[in-house]
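J.: Just dropping this structure here.
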Amino acid sequence: MIGGAEVAIDEITRRIPANEIDFDMITLHFNKSHPKFEKVGNVSVYRIGGGLGYLSKILFIPQAAAFALARKYDLYWGMMTYMLFPISIARLLGNRTPYILTLQDGDPFAHVFNRLRIMLFKPLLTWGFKHAYKVQTISHFLAEWAQRMGHTGKSCVIPNGVDAMKFENPHPRPLNPSAVTLITTSRLVEKNAVGDVIEALKYLPESVKFQILGVGPLEKELKTKTKALGLEKRIEFLGFISQTELPKHLHGADIFIRPSLSEGQGVSFIEAMAAGLPVIATPVGGIPDFLKDGVTGLMVEPRSPKLIAFQVDKLIKDRVLRDKITINAKRMVMEKYGWDLIAREMKDKVFVI
């Protein structure tokens, strides 16, 4: 059950020796085929609850609080906003263990905090933000969320990273204008606006193809849109691709694109940069932290298929610009987004009381 937050936990904890920090993970027992306990690197994983569908997610909150209260911990680490719920409950029951919160949310603020079922418990979230010892966020955009939710304590911005060596392309090939492949790695949800890229293909030559890596609730709708526009021969839906297989797909493409409507950070863009692809993105959320227009990538305004097509065409025709962007982006990834650097910052700046 791996996503960006789980990758971050794995990469960070593996780089911190067990004699310095010992980690327990309390998580939901999503799948009964998974063991209730296992050791993964420097993490003792405890899977609790589960088996009751969505109700399991609700019951996990008091179950996780009870699990933590039954043990002696020096520090709680809440990964993602909703993990404030069990920590806050434990604190309300008298537990004074200091806790830190990592914000990795990629959805818009209103989606995370203002949905009806969350609004009922928003005071508990606000209380949790207020009493957090530290809040660590993966972008400056998310750092503003902590302030909006009432956090007045210590906070720091430490991004998610990338294993640059894993994404390094050993055999880079020049872009061939007569056979160009655009690629995206995206959950097929509204915020990633994959449909805007599909529409952009109407304004690009037949030689431009589009590969979509990912699954999600909008898959059927996007396939219907592709058929309605007569683009079936130019668009491939490749479904779920594991982290192990992802680099080879990036190496076979020419331009990475995701015209997001919201983004906590967007590690997929950084992975594409590490793979040597020029990137097209929108100036939303945490993206401006690493993507500077004309320097480390190209920007497009959200919901603008024609502008997407314009920027794709620019990259195809302007080799100097394309080389400049990819070189600058790869250098930036190597200097700022290595997991060794990020793990060291987490240990020295976050996991200290």
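The values are calculated or read from the model by the stated rules, or taken from the named source; none is laboratory data. Computed from a predicted structure; not experimentally measured. Every residue, glycine as well, gets a Cβ built from its backbone with ideal geometry; the counts of neighbours run over all protein chains shown.
J.: Quick one: which residue in Leu218, Leu201 is out of contact with any His (no Cβ under 9 Å at 6 or more places or on another chain), surrounded by 17 or more Cβ atoms within 10 Å (Cβ to Cβ), at pLDDT 95 or above and over 24 Å from Ile316 (Cα atoms)?
T.: Leu218
J.: Can you tell me which of Leu84, Leu52 is modelled with pLDDT of 90 or more, on the phi < 0 side of the Ramachandran plot and outside any loop (DSSP other than H, G, I, E, B)?
T.: Leu84
J.: Residue by residue through the range 239-278, note down the ones that are out of contact with any Gly (no Cβ under 8 Å at 6 or more places or on another chain), in a loop (DSSP other than H, G, I, E, B) and in contact (Cβ under 8 Å) with a residue 24 or more places away in the chain.
T.: Scanning the range 239-278 gives Gln243, Gly252, Ala253, Asp254, Pro259, Leu261, Ala275, Gly276, Leu277.
J.: Could I ask something else about it? So in the range 286-318, with the set limited to residues that are part of a loop (DSSP other than H, G, I, E, B) and of a type in the set (Gly, Ala, Ser), which one is surrounded by the fewest Cβ atoms within 10 Å (Cβ to Cβ)?
T.: Gly294
J.: Of these, Arg331, Arg344, which one is surrounded by fewer than 18 Cβ atoms within 10 Å (Cβ to Cβ) and not assigned by TED's automatic domain parsing to the domain that holds Pro177?
T.: On the way: Arg331 fails: not assigned by TED's automatic domain parsing to the domain that holds Pro177.
Result of the check over Arg331, Arg344: Arg344.
Each row is one residue, and each column tells you yes or no for (1) closer than 25 Å to Ser268 by Cβ; (2) assigned by TED's automatic domain parsing to the domain that holds Glu263; (3) in contact (Cβ under 8 Å) with a residue 60 or more places away in the chain.
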{"residue": "Ile9", "(1), (2), (3)": "yes, no, yes"}
{"residue": "Ile12", "(1), (2), (3)": "yes, no, yes"}
{"residue": "Pro17", "(1), (2), (3)": "no, no, no"}
{"residue": "Ile21", "(1), (2), (3)": "no, no, yes"}
{"residue": "Lys32", "(1), (2), (3)": "no, no, no"}
{"residue": "Gly51", "(1), (2), (3)": "no, no, no"}
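J.: Another question, if that's okay. Any idea which residue in the range 221-244 is surrounded by the fewest Cβ atoms within 10 Å (Cβ to Cβ), counting only those that are of a type in the set (A, V, I, L, M, F, W, C) and modelled with pLDDT of 95 or more?
T.: Filtering first and then ranking leaves Ala228.
J.: So, one more: Give the residues of the range 97-124 that are closer than 23 Å to Met346 by Cβ and either at pLDDT below 90 or assigned to a loop (DSSP other than H, G, I, E, B) (or both), sorted by residue number.
T.: Thr97, Pro98, Gln104, Asp105, Gly106, Val112
J.: Oh, and also: Of the residues Phe141, Phe167, which single one is under 20 Å from Gln265 (Cβ atoms) and modelled with pLDDT under 95? First the steps, then the outcome.
T.: On the way: Phe167 fails: modelled with pLDDT under 95.
Unique residue meeting the criteria: Phe141.
J.: A further question follows. Does Pro283 fit the bill of being in contact with a Leu (Cβ under 9 Å, 6 or more places away or on another chain), touching a residue at least 40 places away in the same chain (Cβ under 8 Å) and either surrounded by 15 or more Cβ atoms within 10 Å (Cβ to Cβ) or not polar (S, T, N, Q) (or both)?
T.: When the stated conditions are applied, Pro283 does not pass them.
J.: For the range 158-190, which residues satisfy the criterion of being among the β-branched types (Val, Ile, Thr) and either over 19 Å from Ala132 (Cβ atoms) or surrounded by fewer than 18 Cβ atoms within 10 Å (Cβ to Cβ) (or both)?
T.: The answer is Val162, Val180, Thr181, Ile183, Thr184, Thr185, Val189.
J.: On to the next question. With in contact (Cβ under 8 Å) with a residue 40 or more places away in the chain and either surrounded by 14 or more Cβ atoms within 10 Å (Cβ to Cβ) or outside the structural domain of Arg15 (by TED's automatic domain parsing) (or both) as the only criterion, which of Thr81, Thr97 stands out?
T.: Thr81
J.: Also, I was wondering about something else. Please note which helices (runs of 4 or more DSSP H) are completely contained in the range 129-205 and include at least 1 residues that are more than 30 Å from Tyr76 (Cβ to Cβ), over 15 Å from the mean Cα position of the chain (by Cα) and in contact (Cβ under 8 Å) with a residue 40 or more places away in the chain.
T.: Those helices (runs of 4 or more DSSP H) span 164-167, 194-200.
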